[in-house]
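Undergrad: Just dropping this structure here.
Bear in mind that the values in this text are calculations on the coordinates, not laboratory data. Bear in mind the structure is a predicted one, so any value in this text is a computation, not a measurement. Here the Cβ positions follow ideal geometry from the backbone for every residue, glycine too, while neighbour counts run over all protein chains shown.
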Amino acid sequence: MVNLHPHNYDQMHILSPKKPSESTIVMTELVLPNDSNLLGNLMGGRLLYWMDIASALAAGKHANAQVVTASVDNVSFQNPIKLGSVITIKAKPTRAFRTSIEIHMEVWVENHVTKRSFKSNEAFYTFVALNEVGIPIEVPVLEPESIDEIRLFDGALRRRQLRLILAGKMKPNEATELKALFIPD
């Protein structure tokens with residue numbers, strides 16, 4: 001039997017890799033009066049709440065563990081979302097690091113009457129997987145399949161390094177992937 005003591009976690013078995021499709025979450029919400037402001041638009045905080053839920057579900061599904069939100073990248077609100085609209089949030093893992101998982105989300109809006117559909121938002125959230133006592137644990141490696149998944153996977157290390165620099169957890173000169181964009185060999 002494997003000892004699950006937090007200090008012995010690094011000696012545990014190697015986790016099987018997972019594909020993004022195994023952990024993708026699609027969540028649908030209807031914008032109700034309680035979700036909207038005085039102009040009849042969805043409140044930004046409500047959308048962020050739904051995005052956090054969808055991305056946490058995808059991260060938890062990938063990790064097979066409880067997860068906590070570590071960071072939220074820039075979320076820009078491209079178009080207002082009107083009362084009565086149907087929101088579809090697609091949350092998909094883009095890359096897994098040792099204990100963290102980056103999730104990419106797309107938010108789509110549909111008006112059922114006009115059948116008009118458009119992309120409203122896009123964002124990256126990062127989660128850390130935790131064991132039952134709140135200690136970060138290792139997560140499965142992510143194996144992208146499609147060209148788009150590979151593109152997001154390849155960019156994830158640069159996004160991670162930028163997040164760590166902005167959080168003060170990495171010095172800019174340590175960001176090898178970011179330096180490679182600006183300083184030729």
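Undergrad: Running a GNM on the chain with Cα contacts under 10 Å, which residue among Leu162, Leu38, Leu30 ends up with the highest mean-square fluctuation?
TA: Leu38
Undergrad: Further question: Pull out a ≥ b ≥ c, the square roots of the eigenvalues of the alpha-carbon gyration tensor of the stretch 124-167, then state rounded if a/c is under 1.5, prolate if not and a/b is larger than b/c, and oblate in the remaining case.
TA: Working: a/c = 3.33, a/b = 1.37, b/c = 2.42.
Here the stretch 124-167 falls in the oblate category.
Undergrad: Can you give me the long-range amide H partners of Lys19? Hydrogens built in the peptide plane at 1.01 Å from N, cutoff under 5 Å, separation of 5 or more residues or another chain.
TA: Glu143
Undergrad: Oh, and also: Just to confirm the number: angle between the C-alpha axis of helix 44-63 and the first principal axis of the chain, 0 to 90 degrees, nearest 10?
TA: Roughly 40 degrees, rounded to the nearest 10.
Undergrad: Taking only C-alpha pairs under 8 Å that are 6+ residues apart, what is the relative contact order of the chain in percent? Could you put the intermediate results ahead of the total?
TA: Numbers: 337 pairs, mean separation 42.7, N = 185.
Once normalised by length, the contact order is 23 percent.
Undergrad: Show the residues, 5+ positions off or on another chain, whose built amide H is closer than 5 Å to the amide H of Ile137.
TA: Hits under the 5 Å cutoff: Ala129, Leu130, Asn131.
Undergrad: Next question, about the same structure. What distance in nm lies between label points placed 7 Å from Cα along the C-beta direction at Ser21 and Asp154?
TA: My value for the distance between the label points is 2.2 nm.
Undergrad: Using the number of other C-beta atoms within 10 angstrom as an exposure proxy, rank Thr88, Thr126 with the fewest first. The partial results should precede the final answer.
TA: Working: Thr88 17, Thr126 23.
So the ranking, lowest neighbour count to highest, is Thr88, Thr126.
Undergrad: Summing +1 for each Lys or Arg and -1 for each Asp or Glu, what net charge is found among the other residues whose Cβ lies under 12 Å from the Cβ of Glu29? Before the final figure, lay out the partial values.
TA: Numbers: positive: Arg46; negative: Asp35, Glu110.
Net local charge, Glu29 excluded: -1.
Undergrad: By the scheme Lys and Arg +1, Asp and Glu -1, what is the net charge of all other residues having a beta-carbon under 13 Å from that of Lys119?
TA: Values: positive: Lys90, Arg116; negative: Glu106, Glu110, Glu122.
Local charge sum for Lys119: -1.
Undergrad: What distance in nm lies between label points placed 7 Å from Cα along the C-beta direction at Tyr49 and Leu162?
TA: Computed distance between label sites Tyr49 and Leu162 equals 2.9 nm.
Undergrad: Whose amide H sits under 5 Å from the amide H of Ser120, counting only residues 5 or more places off or on another chain, with H placed in the peptide plane?
TA: Here the answer is Val107, Trp108, Val109, since their amide H atoms fall under 5 Å of that of Ser120.
Undergrad: Using only Cα atoms, tell me the angle between helix 147-166 and the longest principal axis of the chain; keep it within 0 to 90° and round to the nearest 10.
TA: 80 degrees
Undergrad: Which length gain, in nm to one decimal place, applies between Leu32 and His112 when the Cα-Cα distance is subtracted from 0.36 nm times their residue separation? Show your work: numbers first, answer last.
TA: Numbers: separation 80, 0.36 × 80 = 28.80 nm, distance 1.40 nm.
Using 0.36 nm per residue and subtracting the Cα-Cα distance, I get 27.4 nm.
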